[in-house]
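As structure tokens, the structure follows; a few thoughts come after it.
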Amino acid sequence: MTFGQIFASVDTAEPNRRAGIRSTLLAQAMHVAPVVIIVETPSAYLDAISQWEGPLKFPILYDDGTDISREHIARFVRAFDPKQVVRISGTGTSTWGKNAQQRQDAINKALSASFFQTESDWTTILKKLTATGVTSPGVVVLDPMDHHWAAGLAMAAGRLQPIIYLKGPQNSHKELQPSQGQVINQAIEQGLLRQGLSFDQIGDQIDAITLAFRAPTRIKTGPQPRDRLALTDQIGRADSTMGGMRWAWCGQFFGSTSETVYQAMCALFLPIESAFIWDGYPSDGDWARYDGTKAEAALSKAGFKTELFDEPRNSMAGFRARSDSGPVDASLILMNTKGTPYYYDLPHSPDGLGKPGDLPMLARPSALHLVHSFSLASPHRKDSVGGRWLQRGVYLYAGSVDEPFLSGFVPTPLVAGRLLAQLPFAAAVHYDDGQAWKIAVIGDPLKTISPCGSRQTSIPDAINTFIKTQGGELLSTRAKDHLKAGQYTNAIEDFVLTNRDDAVVRLAKALINDKPEAIDDLGAKIIIQAAMRQSEHELVLDIFERLSIDAQADLATRDAMWFAARYRVSRFGDDRAMVLMQKNLRAGQEVQDAEQLAMILRRKSMSRAIGFLESLRPTLKENKRPSLDKAIKRVRR
């Protein structure tokens, strides 16, 4: 059978499985070059993606100079394990205009080149492919003036998806009004009609929509507090009020250019093949339908490497201990908890005690299905559960924007089964015939559990030539050059970006002994994250003490210090670690952190424990003081 004939045979499958099978076929057809290219400008990104041609592709990550950008790139590299990591520091040669039409022209040119180098019109290429039977099951909706354009271009090029251009709301904080959602939905339908694509029902040509523009995760649909629905669960529905039957599943990108490109590249190039499962629910009543043990059994049977925490290992103490021990190294996370946007509850703990700062670090990019009310209500806030998971490295996320009630979530074992049945992620986490509701999807709606192409044994000459002409620098070589020149922070950064945490740890220990003054704030923050991944808890504390006060306040840095210090206290009674924790309570969870410390202090002196808690009172806002009073009562018991 030809590839087109294989595609055509998909029409015999159940309608809700067709998009996933087509997406899987496109993923498996890729030829992946073993190189990661890092760019810093829109023009350089366009140049790089223009070097994709047909099935030949390679990951491109966008570095905006932020800590989260560096950590995401390094996290991707650890999972992808390329032969080379190359940085292109130049501005690039592609034209990136200032107005929407100029940018649309540049995106179209790059997309056409990625399909077929000598063809200038991507619509013609897609029509020719359709004539052979090869069709993508999705469409990308893109605003060229919005910084999500780069992720949208990657998904269009990577999954052979057409693009519909429209002006997005360009705001990810305010809730959309129903009329705004209707405008988006109708524009998508009109765009598909103009391109002659069928989309009326699940199982036809277009079954997925990827939104590549800034937008909030929810729509305010009425005057009552609970009158909120997920944007991605309203887009792709049949009538003008978006309350009708679904004709497409939807996902949206969320974050900066760097973050959304990371989300796109993870979806295209990283397989889902291992799982971390945390079941914080009771094993009786309706809760039992969400049993993590059943999900683990299905995934293990399918060959997944799994890590399971269920009764009796699913307490808050167990969760913190897992976070303290080291990062989670799994490509899929299934988690069940109760809570709000800003805390989660687990067995044997007071309500509200679980805070975002204690979510585990991630060694590799992960997809997440989180059964938990409100986790994606405010993902732009890093002090929220959803915001912290995205900061940690989640690239694909199904979660609730409001109170969906337990039955609003597809049960965890069923999600695992639907993913194993090759349903695309956005379909797997939604009921097939469900009404518009509150479960949002961040990331690629078409991601499936499947191999991500065939890895090439070497980097093709054309790509090497492109790297050379663009002045690309091999980071493994550059790291050594920086080291010889005494540019230690630059060397540390390049080591991390090339999966050399071991080299970072060795260098950090040498510098502490011989040149402690050479460790600046940036280098120290990088070392701290690498040291946690290497289980070097004492080194984390050594480096944290050398940070400036401002650098110590960084969320990710302080979280890592807490994990390392709590590990040292619980196992060795480390007094230094205890003092560091007392001096560095985490923003947004000061009371919860202080209560943990007071529980330890009371072993020696109840008055000292209560005194420590009371010392916090003047620093708290009035609405936080009742939580402190409850903590004091618990410590006194």
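The values are calculated or read from the model by the stated rules, or taken from the named source; none is laboratory data. Just so you know, these numbers come straight off a predicted model, no measurement behind them. Cβ: placed from backbone, ideal geometry, glycine included. Neighbour counts: every protein chain shown.
Observations on the model:
- Residues of region 585-608 that are more than 21 Å from Asp351 (Cα to Cα) and in a helix (DSSP H, G or I): Leu601, Met606, Ser607, Arg608.
- Candidate set from region 1-29 (those that are assigned to a loop (DSSP other than H, G, I, E, B) and at pLDDT 90 or above); member that is farthest from Arg455 (Cα to Cα): Glu14
- Residue in region 354-365 that is part of a loop (DSSP other than H, G, I, E, B), in contact with a Leu (Cβ under 7 Å, 6 or more places away or on another chain) and in contact (Cβ under 8 Å) with a residue 60 or more places away in the chain present: yes
- Which listed residue, of Ile107, Ile209, is modelled with pLDDT of 95 or more, buried (at least 19 other Cβ atoms within 10 Å of the Cβ) and part of a strand (DSSP E or B): Ile209
- The requirement of being surrounded by 18 or more Cβ atoms within 10 Å (Cβ to Cβ), under 21 Å from Gly393 (Cβ atoms) and of a type in the set (Gly, Ala, Ser) is satisfied by Ala560.
- Boolean, Arg576 is more than 22 Å from Arg364 (Cβ to Cβ) and free of Cβ contacts under 8 Å to residues at least 40 places away in the same chain: yes
- Scanning region 242-286 for residues that are of a type in the set (S, T, N, Q) and either in a loop (DSSP other than H, G, I, E, B) or out of contact with any Leu (no Cβ under 8 Å at 6 or more places or on another chain) (or both) yields Ser256, Thr257, Thr260, Ser283.
- Residue check, Leu601 crowded, with 19+ Cβ neighbours inside 10 Å and either of a type in the set (Ser, Thr, Tyr) or farther than 18 Å from Asp383 by Cβ (or both): yes
- Some residue of region 50-64 being in contact with a helix residue (DSSP H, G or I) (Cβ under 7 Å, 6 or more places away or on another chain), part of a helix (DSSP H, G or I) and closer than 18 Å to Leu126 by Cβ: no
- Any chance Pro379 is surrounded by fewer than 24 Cβ atoms within 10 Å (Cβ to Cβ), at negative phi and either part of a loop (DSSP other than H, G, I, E, B) or not hydrophobic (A, V, I, L, M, F, W, C) (or both): no
- For region 429-461, a residue qualifies if it is surrounded by 24 or more Cβ atoms within 10 Å (Cβ to Cβ) and among the charged types (D, E, K, R), and the qualifying residues are Lys438, Asp444, Lys447.
- Reported count of residues in region 515-533, each being assigned to a loop (DSSP other than H, G, I, E, B) and surrounded by fewer than 16 Cβ atoms within 10 Å (Cβ to Cβ), is 2.
- Among (1) buried (at least 18 other Cβ atoms within 10 Å of the Cβ); (2) over 22 Å from Asp291 (Cα atoms); (3) touching a strand residue (DSSP E or B) at 6+ places or on another chain (Cβ under 9 Å), the one test that Ala426 misses: (2)
- All positions within region 320-349 that are of a type in the set (Asp, Glu) and closer than 18 Å to Arg392 by Cα: Asp324, Asp329
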